[in-house]
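Enquirer: The structure follows.
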Amino acid sequence: TPAAVATIDAGVLTARAAGTASVTATVGGVTSAPRELRVVAEASVEQLMIHPNYMVDGPIFFPALADDPAWQMPPAECFDCGWDLTLLAGDARPFHATARYDTGEWEEVTDRVAWSSSDPAVAAIDAGGVLTAAAAGETVVRATLGEVHSNEVPVRVVAAATVTEVFIYQDGSDRVVAKGGEAWFRAQAAYDVGFARDVTDVVTWRVADGAVGTFTDPGVFTGQSAGA
């Protein structure tokens, strides 16, 4: 009630018009507590969240996560877990924007928001949400959608970085390769300024026994003969 706002049949509610309604259920003379709901004519943006794309190659750092931030990747829905991005001058990083509506729905709105950087001389962001690091310094990335403002993402740009450690890992867990078969490896480098990036294509790959197998392409191991 009122039926002008919403009707319900066999547990399926149909919104009719903007307003508020109360839903109850009765069985055997016992009536439930009312459940209040609101019907809107048009969904409104309740919250706007932005985050850098961490699924592309390049440095990224999450200081709010775990003990080894260079390797901790938050889930895609973690939009407010302390983003802090470090880039090398010349790097480009896509950002995404997601709107949450008062109806509970979510929508990708990257191309609809107005992007801004507090210091474009350090890093500028274009209309499509791609941030380009230009010079050493710090800036803050924001977005707006109408009157709604997003969270802020601090960005640090460094002119240079030094590799402190390299990690390699295999794609998949099968350690047995047939003669003539292949296994794929990746390499990640940690840098002194607190970020990591994929360096598979630039490291030098070596095998202890070249008669057993060799790397024909970056990260691609090819078995040559029986052995370890």
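The values are calculated or read from the model by the stated rules, or taken from the named source; none is laboratory data. All figures in this text were calculated on a predicted structure; none of them were measured in a lab. Glycine gets a Cβ as well: all are built from the backbone with ideal geometry, and neighbour counts include every protein chain shown. Surface accessibility is based on the protein's heavy atoms, side chains included, excluding ligands, DNA and RNA. Shrake-Rupley method; radii C 1.70, N 1.55, O 1.52, S 1.80 Å.
Enquirer: Looking only at the range 184-216, count every residue that is open to solvent by 40 Å² or more (accessible area, probe 1.4 Å), among the hydroxyl-bearing types (Ser, Thr, Tyr) and assigned to a loop (DSSP other than H, G, I, E, B) and tell me the total.
Expert: 1
Enquirer: If we keep just the residues of the range 28-39 that are assigned to a loop (DSSP other than H, G, I, E, B) and over 41 Å from the mean Cα position of the chain (by Cα), which is surrounded by the most Cβ atoms within 10 Å (Cβ to Cβ)?
Expert: By that ranking, first place goes to Ser32.
Enquirer: Okay, next question. Based on what the data block shows, is Val109 of a type in the set (A, V, I, L, M) and within 30 Å of Ala18 (Cα to Cα)?
Expert: Values: of a type in the set (A, V, I, L, M): yes; within 30 Å of Ala18 (Cα to Cα): yes.
Judged against the criteria, Val109 is a match.
Enquirer: Given the criterion of a type in the set (A, V, I, L, M) and open to solvent by 80 Å² or more (accessible area, probe 1.4 Å), identify the matching residue among Val122, Val176, Val140, Val158.
Expert: Working: Val122 fails: open to solvent by 80 Å² or more (accessible area, probe 1.4 Å); Val140 fails: open to solvent by 80 Å² or more (accessible area, probe 1.4 Å); Val158 fails: open to solvent by 80 Å² or more (accessible area, probe 1.4 Å).
Of the residues listed, the single one that is of a type in the set (A, V, I, L, M) and open to solvent by 80 Å² or more (accessible area, probe 1.4 Å) is Val176.
Enquirer: Counting just the residues of the range 1-27 that are assigned to a strand (DSSP E or B) and of a type in the set (Gly, Ala, Ser), which one comes out most open to solvent (accessible area, probe 1.4 Å)?
Expert: Of the residues in the range 1-27, the ones assigned to a strand (DSSP E or B) are 6-9, 12-15, 19-23, 26-27.
Next, from what is left, pick out any that are of a type in the set (Gly, Ala, Ser): 6, 15, 19, 21-22.
Numbers: Ala6: 11, Ala15: 61, Gly19: 24, Ala21: 5, Ser22: 30 Å².
Among residues in the range 1-27 that are assigned to a strand (DSSP E or B) and of a type in the set (Gly, Ala, Ser), the one most open to solvent (accessible area, probe 1.4 Å) is Ala15.
Enquirer: Do you know which residues across the range 146-183 are in a strand (DSSP E or B) and over 25 Å from the mean Cα position of the chain (by Cα)?
Expert: Thr164, Glu182, Ala183
Enquirer: Related question: Quick one: which of Ala160, Ala189, Ala183 is farther than 24 Å from Ala226 by Cβ, aliphatic (A, V, I, L, M), touching a strand residue (DSSP E or B) at 6+ places or on another chain (Cβ under 7 Å) and touching a residue at least 12 places away in the same chain (Cβ under 8 Å)?
Expert: One residue alone meets the criteria, Ala189.
Enquirer: Further, regarding this structure: Name every residue in the range 125-137 that is under 12 Å from Ala92 (Cβ atoms) and open to solvent by less than 40 Å² (accessible area, probe 1.4 Å), in order of residue number.
Expert: Passing the criteria: Ile125, Gly128, Gly129, Leu131, Ala133.
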